[in-house]
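Heads up: the structure comes next, in structure tokens.
The values are calculated or read from the model by the stated rules, or taken from the named source; none is laboratory data. Note that the structure is predicted; figures quoted are calculated from it, not measured. Using ideal geometry, Cβ is built from the backbone for each residue, glycine included, and neighbour counts are taken over all protein chains shown.
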Amino acid sequence: MRPMSKFQKQLPSFAKETGSSGLPGRGGGYTSSTFFTGTGDAVNETSQSRGLQLHVLGRVLAMMLFLWPIGLAAQSSRRSNSVVVVPSSWLPEDAQSPSESMFLHPNNDGTTYLYLEQHSKNHLVVLDVTHPIHISQVSVVQFEGAAFDFVRALGSSSALICFRDNSGSGVVQFRQPKQPLLIAAPELKQASRTEDIGAFGLLVTNSPRTTNDVPEHDIQIVDLSPNKPTVLATAHRVHQQIEDSSTGAHFLLGADGLTVVRQPDVESQNEIAQKSTN
């Protein structure tokens, strides 16, 4: 009989039960027997069964490697060739909390900020959304008083707000965009609606706010690029949405916090345009 090789002696055990054929059997432990090949050489069946088990294990690993990309595709189902959905769970922690209102401010230096008003925490969350693929939180500013809604921009460095408890209006200044300042404007009363008069005039409608002023809807993000419409995600109870025309990003504010819908093609075109102007 040929002596067992060092490799055969070091083979690990991958099963607890094998029969005489090397396949799982009913007996406990290994069943070791000796048989002779056509050349008269003796072979230890335990080693052969372990070799078969290694072969089976290799096939299992190969199958796992084959299925792994399929699992990744399922996880990335929120992405298509033209639209990418960024749920709140992928955003900074404060953006995952419900917010009352939001405002998009393109700063003079080319940076774009998104402001989230969260009365439950008495603060204003400041996000840098210049590049929707890399959204970051830059600051949190504490604001005292009632919850408010952003009404509209006032020039290039401030925004008109309206308090939700019908206590009046105010102005948020963005001269320092990372540290905005809230200023009361009692003379505007309850400025819930506005209308422009030329370049420097404004008609302000003073009307009490009601709960029906902010309707909520479930919004489905649908991709039309494949042969049939594909629902990528659903944003629940959305009460405000804003589009950044420069990057094509859509910001949806709802019960799930902030949801961002990106358009990578538009982002690439915007970057090329910015480089050409610099």
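Of all residues in segment 211-223 being at pLDDT below 80 and exposed (fewer than 11 other Cβ atoms within 10 Å of the Cβ), which is farthest from residue 162 (Cα to Cα)?
Looking at the filtered set, the residue picked out is 212.
Can you pull out the residues in segment 167-182 that are farther than 25 Å from residue 198 by Cβ, in contact (Cβ under 8 Å) with a residue 12 or more places away in the chain and loosely packed, with under 15 Cβ neighbours inside 10 Å?
Going residue by residue through segment 167-182, those that are farther than 25 Å from residue 198 by Cβ are 167-168, 176-182.
Add one more test, that the residue is in contact (Cβ under 8 Å) with a residue 12 or more places away in the chain, and what stays is 167-168, 177-180, 182.
Within segment 167-182, 178, 179 meet the criteria.
If I ask for residues that are loosely packed, with under 15 Cβ neighbours inside 10 Å, in a loop (DSSP other than H, G, I, E, B) and hydroxyl-bearing (Ser, Thr, Tyr), which ones from segment 229-250 would you list?
245 - this is the single residue of segment 229-250 that is loosely packed, with under 15 Cβ neighbours inside 10 Å, in a loop (DSSP other than H, G, I, E, B) and hydroxyl-bearing (Ser, Thr, Tyr).
Could you tell me whether residue 203 is modelled with pLDDT of 85 or more, surrounded by 13 or more Cβ atoms within 10 Å (Cβ to Cβ) and not in a loop (DSSP other than H, G, I, E, B)? Write out each step before concluding.
Values: modelled with pLDDT of 85 or more: yes; surrounded by 13 or more Cβ atoms within 10 Å (Cβ to Cβ): no; not in a loop (DSSP other than H, G, I, E, B): yes.
No.
If you go through segment 120-154, how many residues are surrounded by 19 or more Cβ atoms within 10 Å (Cβ to Cβ), of a type outside the set (A, V, I, L, M, F, W, C) and at pLDDT below 95?
Qualifying residue count for the region: 1.
Could you tell me how many of the residues in segment 92-124 are assigned to a helix (DSSP H, G or I) and not hydrophobic (A, V, I, L, M, F, W, C)?
6
Check segment 140-147 and report whether any residue there is more than 30 Å from residue 271 (Cα to Cα), outside any loop (DSSP other than H, G, I, E, B), assigned by TED's automatic domain parsing to the domain that holds residue 110 and out of contact with any strand residue (DSSP E or B) (no Cβ under 9 Å at 6 or more places or on another chain).
Checked segment 140-147: no residue is more than 30 Å from residue 271 (Cα to Cα), outside any loop (DSSP other than H, G, I, E, B), assigned by TED's automatic domain parsing to the domain that holds residue 110 and out of contact with any strand residue (DSSP E or B) (no Cβ under 9 Å at 6 or more places or on another chain).
Could you list, in sequence order, all residues of segment 219-278 that are over 18 Å from residue 96 (Cβ atoms) and among the small types (Gly, Ala, Ser)?
Passing the criteria: 225, 245, 246, 248, 268, 273, 276.
Please find, among 208, 226, the residue that is in a loop (DSSP other than H, G, I, E, B), within 18 Å of residue 162 (Cα to Cα), at pLDDT below 95 and in the same structural domain as residue 169 (by TED's automatic domain parsing). Explain how you work it out, then say what you get.
Working: 226 fails: within 18 Å of residue 162 (Cα to Cα).
Just one listed residue meets the conditions, 208.
Among the residues of segment 187-226, what is the count of those that are hydrophobic (A, V, I, L, M, F, W, C) and within 20 Å of residue 256 (Cα to Cα)? Outline the logic, then answer.
Restricting attention to segment 187-226, the residues satisfying the condition of being hydrophobic (A, V, I, L, M, F, W, C) are 188, 191, 197, 199-200, 202-204, 214, 219, 221-222, 224.
Now drop any that are not within 20 Å of residue 256 (Cα to Cα), which leaves 214, 219, 221-222.
Final tally of qualifying residues: 4.
For segment 127-140, indicate whether the set of residues that are charged (D, E, K, R) and more than 30 Å from the chain's Cα centre (by Cα) is non-empty.
There is no residue in segment 127-140 that is charged (D, E, K, R) and more than 30 Å from the chain's Cα centre (by Cα).
Can you find a residue that is surrounded by 14 or more Cβ atoms within 10 Å (Cβ to Cβ) and either touching a Lys or Arg at 6+ places or on another chain (Cβ under 6 Å) or in a loop (DSSP other than H, G, I, E, B) (or both) anywhere in segment 155-163?
Residues of segment 155-163 surrounded by 14 or more Cβ atoms within 10 Å (Cβ to Cβ): 157-163.
Still in the running and either touching a Lys or Arg at 6+ places or on another chain (Cβ under 6 Å) or in a loop (DSSP other than H, G, I, E, B) (or both): 157, 160.
For segment 155-163, residues surrounded by 14 or more Cβ atoms within 10 Å (Cβ to Cβ) and either touching a Lys or Arg at 6+ places or on another chain (Cβ under 6 Å) or in a loop (DSSP other than H, G, I, E, B) (or both): present.
For segment 172-204, which positions are more than 38 Å from the chain's Cα centre (by Cα) and not β-branched (Val, Ile, Thr)?
Across segment 172-204, the qualifying residues are 186, 187, 188, 189, 198, 199, 200, 201, 202, 203.
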